[in-house]
Amino acid sequence: MMVDSALLDGIRLITGTILLAYASYTDIKTRRAANMLWVIMGLIGVVLLIIQYLDSGFANIWYLAFIPIMILLMYVFFQMRLLFGGADAKALMALAVLVPIQPVIGPFPLWESFLPGSWSIFANATILFLFIPLSLLLYNIYKRNLRFPHCLLGYVITVEQAKQSFVWPMEKIKNGKRRLVYMPKNFDIDEELAEFEKLGVTDIWVTPKIPFMIPLLAGFITLFFLGDLLLQIVRVLL
């Protein structure tokens, strides 16, 4: 019995979208995503790969060899604290199993790619993550807070709101004066916010702690409908 590969890719799309969407929701609310999500994703990926292999095999077996490579790469990235945290790295490891091959559902994606699916998802997510400064700029134009480079990195909220939000202060009190901070993770947030309150400062610039899980979800969906953004950009430039 022949199994339609588009059907398997459709299951991959539904599975990844549901699990990544739920992980994004919990990541926004609590900055946590349950490990069970990635176990489920990985198991479904294994089952789909077995079905696909037993039914028609793989035209390019080297794609499967990329699964352990991707898992190792994400582990190294996590240990080096590049781009993301533990949940994001685990999600990409599970995606390496779920989408090792470029998906094809009818006329989608619009742009073909020879790269492993999980790598394209990672590349898409990274590119989409870089659009965040543009969205912050548009928001600050709307709020009429056009202080550069602040408006490309964050926005203004009250000190009280900052205490209750997942943000990093972009300002620091130094010698009694407010200074812009480009690496806000290097100081104690509560202590710094208390310094602002002592000086009577009510509004400060902050940068949001945006979970990488959100662009990862967007990058996953983008792969299925558009394709590999990075490869398409390279094609256009060349």
Would you confirm whether any residue within region 160-175 is closer than 30 Å to LEU7 by Cβ, within 23 Å of the chain's Cα centre (by Cα) and of a type outside the set (Phe, Trp, Tyr)?
no
Looking at region 56-69, is at least one residue in contact (Cβ under 8 Å) with a residue 60 or more places away in the chain, in a loop (DSSP other than H, G, I, E, B) and surrounded by fewer than 18 Cβ atoms within 10 Å (Cβ to Cβ)?
no
Taking ILE204, is it on the phi < 0 side of the Ramachandran plot, open to solvent by less than 30 Å² (accessible area, probe 1.4 Å) and β-branched (Val, Ile, Thr)?
yes
Specify the residue that is most open to solvent (accessible area, probe 1.4 Å); the eligible residues are those in region 168-177 that are touching a Lys or Arg at 6+ places or on another chain (Cβ under 8 Å) and touching a residue at least 24 places away in the same chain (Cβ under 8 Å).
TRP168
When you go through (1) open to solvent by 80 Å² or more (accessible area, probe 1.4 Å); (2) free of Cβ contacts under 8 Å to residues at least 40 places away in the same chain one by one for GLU112, which number turns out not to apply?
(2)
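On the given criteria, is LEU128 outside any strand (DSSP E or B) and surrounded by 13 or more Cβ atoms within 10 Å (Cβ to Cβ)? Full working, then the answer.
Working: outside any strand (DSSP E or B): yes; surrounded by 13 or more Cβ atoms within 10 Å (Cβ to Cβ): yes.
Answer is yes for this residue.
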Go over the candidates SER135, SER165 one by one and state the one that is surrounded by fewer than 22 Cβ atoms within 10 Å (Cβ to Cβ) and part of a loop (DSSP other than H, G, I, E, B).
SER165
Taking the conditions exactly as written (open to solvent by 40 Å² or more (accessible area, probe 1.4 Å) and either among the β-branched types (Val, Ile, Thr) or modelled with pLDDT under 85 (or both)), does LYS185 satisfy them or not?
yes
Can you find a residue in region 83-103 that is surrounded by fewer than 16 Cβ atoms within 10 Å (Cβ to Cβ) and assigned to a helix (DSSP H, G or I)?
yes
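Just wondering, is there one or more residues in region 202-212 that are under 30 Å from SER113 (Cα atoms) and either out of contact with any Phe, Trp or Tyr (no Cβ under 9 Å at 6 or more places or on another chain) or of a type outside the set (Phe, Trp, Tyr) (or both)?
yes
The values are calculated or read from the model by the stated rules, or taken from the named source; none is laboratory data. No experiment lies behind these values; they were computed from the predicted model shown. Positions of Cβ are backbone-derived with ideal geometry, glycine not excepted, and every protein chain shown enters the neighbour counts. Note: areas computed on protein heavy atoms with side chains; ligands, DNA, RNA excluded. Shrake-Rupley method; radii C 1.70, N 1.55, O 1.52, S 1.80 Å.
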